[in-house]
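Presented below is the structure to which this report refers.
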Amino acid sequence: MTAPAPALRTGSAAGRGTLLAAILASGMVFLDSTVVNVALPRLGAELDATVAGLQWTVNGYLLMLAAFVLLGGALGDRFGRRRIFLLGVVWFAVASVLCGLAQDTGWLVAARFLQGAGGALLTPGSLSVLQASFHPDDRGRAIGTWSGLSGVSTALGPLLGGWLIDTLSWRWIFFVNLPLAVGVVLAALRWVPESRDEEASRTGEGRRFDVAGALLGALALGGVTYALIDAPAQGASPAVLAAAVLGVVAVVVFVLLERRRGDTAMLPTGLFSSRLFSVLNVFTVVVYAALGGFTFFLAVYLQNVVGWSALLTGLATVPMTVLLLVGSPRAGALSARIGPRLPLTVGPVIAAVGLLLLRRVGPGASYWVDVLPGVALFGAGLTLVVAPLTTSVLGAVSDRFAGVASGFNNAASRAGGLLAVAALPLLVGLSGTGYEQKGALADAYRGALAWCAGLLLAGAVLAAVLIYRPRRGR
């Protein structure tokens, strides 16, 4: 039996080293989530990819992350948080190298699936290691430092990625993960203490250790995603119909399985007896679908139609991230005073106005006049949403389910982005190599942003009608 982890202090060498490992690891995941969209035009041209290939490049990663992130957290609790964290780091790094070496779209997509699986082990481990390792008096400071510096890596990611793409190659956005991973492994082996859920390790019956549920979730998301992505090229072919049916059947079996397992399930269905929890997660899917669809189309459009470099394209969304970093604590404090309904109603409306402004961007556009106002409004709207949404999700369920509620909401946000990237090209008629044709891409871009704005407005209506202040300690 593993001894309890020592209570680290932020001022100690071990505390600083543990923070370093968690921040670098999160930085890898955040870097890839922000720069891959910027690289899509270049890798598409070099690998002769279709729109479907670009969609799978994004969605292969999101699919694995959304489906297995809860299982990754449970594995860490059972078998050791540092052990699973390190496994995720090494897995992610190896998959990143395979991404960078890809010689065709199939290779790249397969490597992105592997990278997402590594991220599902790594992502929950970064935070759980800090939660389990630090002294209670220093835990808030450690998590705040991790959150702030990880956010900085998110803001810098598009700039670094754009520079790497323009200076070297799109492949280096993946290769750069290798030295980061080496730093994480060395720091973790030297300073990060091991910890686990001792009761789960002793009895083998820890809650949420649910492989079947995770696999069914992956089948559900994968089946629906495949049907949406391949429908433009194949129509209602037997393969597309079979994938859609498989996705629907997997959803039904997943719900029945989780209901039968009760509180030992990966996703206890009793959580959805809280109407607020259910509504907040529908809201999450809707808003993050708008975010995922917008960022997918914007990066390709700015390079292939407006004619910007990868670096300038990466710079375009930095104000959005900066607003989130600076404004989220204030939005959270505002929500605590007045409740979440107003921020979650007003935020999506402001973000939708930003997208409608960005529909006017065309060839020869000025960053300061044409792009920045829309991006700033979109970022300001998201800033009003993110922190109040997270707080409300946690407040909508009892404290004992805080971890699984947070994990499911994280998965819901990724699923929203995944479904948007799969569905929007179908809805706006973009397929094949249409992303390389300025006229076809311009029409698709404007249509996609209109759909995304509509999703945001639907989220605002949902919040105005059904969201209320959660009661603490339920």
TODO: Any residue in region 271-285 that's at negative phi and surrounded by fewer than 19 Cβ atoms within 10 Å (Cβ to Cβ): show its pairings with residues that are in a helix (DSSP H, G or I) and among the basic types (Lys, Arg) at Cβ separation under 6 Å, as long as the two are six or more apart or on different chains.
DONE: none
TODO: Answer yes if at least one residue in region 428-437 is under 24 Å from residue 342 (Cα atoms), in contact (Cβ under 8 Å) with a residue 24 or more places away in the chain and open to solvent by less than 50 Å² (accessible area, probe 1.4 Å), and no otherwise.
DONE: no
- [ ] For region 22-41, state whether one or more residues are in contact with an Asp or Glu (Cβ under 7 Å, 6 or more places away or on another chain), open to solvent by less than 40 Å² (accessible area, probe 1.4 Å) and hydroxyl-bearing (Ser, Thr, Tyr).
- [x] no
TODO: Hand me the list of helices (runs of 4 or more DSSP H) wholly inside region 291-390 holding 2 or more residues that are farther than 16 Å from residue 456 by Cβ.
DONE: 310-316, 318-338
- [ ] Taking residue 18 as the residue in question, decide whether it is surrounded by 22 or more Cβ atoms within 10 Å (Cβ to Cβ), touching a residue at least 12 places away in the same chain (Cβ under 8 Å), over 22 Å from residue 161 (Cβ atoms) and of a type in the set (S, T, N, Q).
- [x] yes
TODO: Any residue in region 46-61 that's acidic (Asp, Glu): show its pairings with residues that are open to solvent by less than 20 Å² (accessible area, probe 1.4 Å) and part of a loop (DSSP other than H, G, I, E, B) at Cβ separation under 8 Å, as long as the two are six or more apart or on different chains.
DONE: 46/170
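Kindly establish whether residue 212 is open to solvent by 50 Å² or more (accessible area, probe 1.4 Å) and either modelled with pLDDT of 80 or more or over 26 Å from the mean Cα position of the chain (by Cα) (or both).
Considered against the rule, which asks whether it is open to solvent by 50 Å² or more (accessible area, probe 1.4 Å) and either modelled with pLDDT of 80 or more or over 26 Å from the mean Cα position of the chain (by Cα) (or both), residue 212 comes out as no.
Given the criterion in a helix (DSSP H, G or I) and open to solvent by less than 10 Å² (accessible area, probe 1.4 Å), identify the matching residue among 129, 109.
Numbers: 109 fails: open to solvent by less than 10 Å² (accessible area, probe 1.4 Å).
From the options 129, 109, the qualifying one is 129.
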- [ ] Kindly indicate whether any position in region 138-149 is under 30 Å from residue 80 (Cα atoms) and in contact with a Pro (Cβ under 6 Å, 6 or more places away or on another chain).
- [x] no
Task: region 286-313, subset of a type in the set (Val, Ile, Thr) and in contact with a helix residue (DSSP H, G or I) (Cβ under 7 Å, 6 or more places away or on another chain), residue surrounded by the fewest Cβ atoms within 10 Å (Cβ to Cβ) - done: 305
- [ ] From the list 285, 252, pick out the single residue that is out of contact with any Leu (no Cβ under 8 Å at 6 or more places or on another chain) and among the hydrophobic types (A, V, I, L, M, F, W, C).
- [x] 252
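Looking at region 44-75, which of the residues that are among the aromatic types (Phe, Trp, Tyr) and closer than 28 Å to residue 437 by Cα is most open to solvent (accessible area, probe 1.4 Å)? Can you show your working first?
As a first pass, look at region 44-75 and keep what is among the aromatic types (Phe, Trp, Tyr): 56, 61, 68.
Remaining after also requiring closer than 28 Å to residue 437 by Cα: 56, 61.
Details: 56: 41, 61: 5 Å².
In this case the residue turns out to be 56.
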Task: Number of positions in region 326-352 that are buried (at least 18 other Cβ atoms within 10 Å of the Cβ) and more than 17 Å from residue 393 (Cβ to Cβ) - done: 5
TODO: Would you tally the residues in region 126-141 being modelled with pLDDT under 80 and within 11 Å of residue 25 (Cα to Cα)?
DONE: 1
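The values are calculated or read from the model by the stated rules, or taken from the named source; none is laboratory data. None of the values given here were measured: they were computed from a predicted structure. FYI the Cβ positions are ideal-geometry reconstructions off the backbone, even for glycines, and counts take in every protein chain you see. Accessible surface areas use protein heavy atoms only, side chains included; no ligands, DNA or RNA. Shrake-Rupley method; radii C 1.70, N 1.55, O 1.52, S 1.80 Å.
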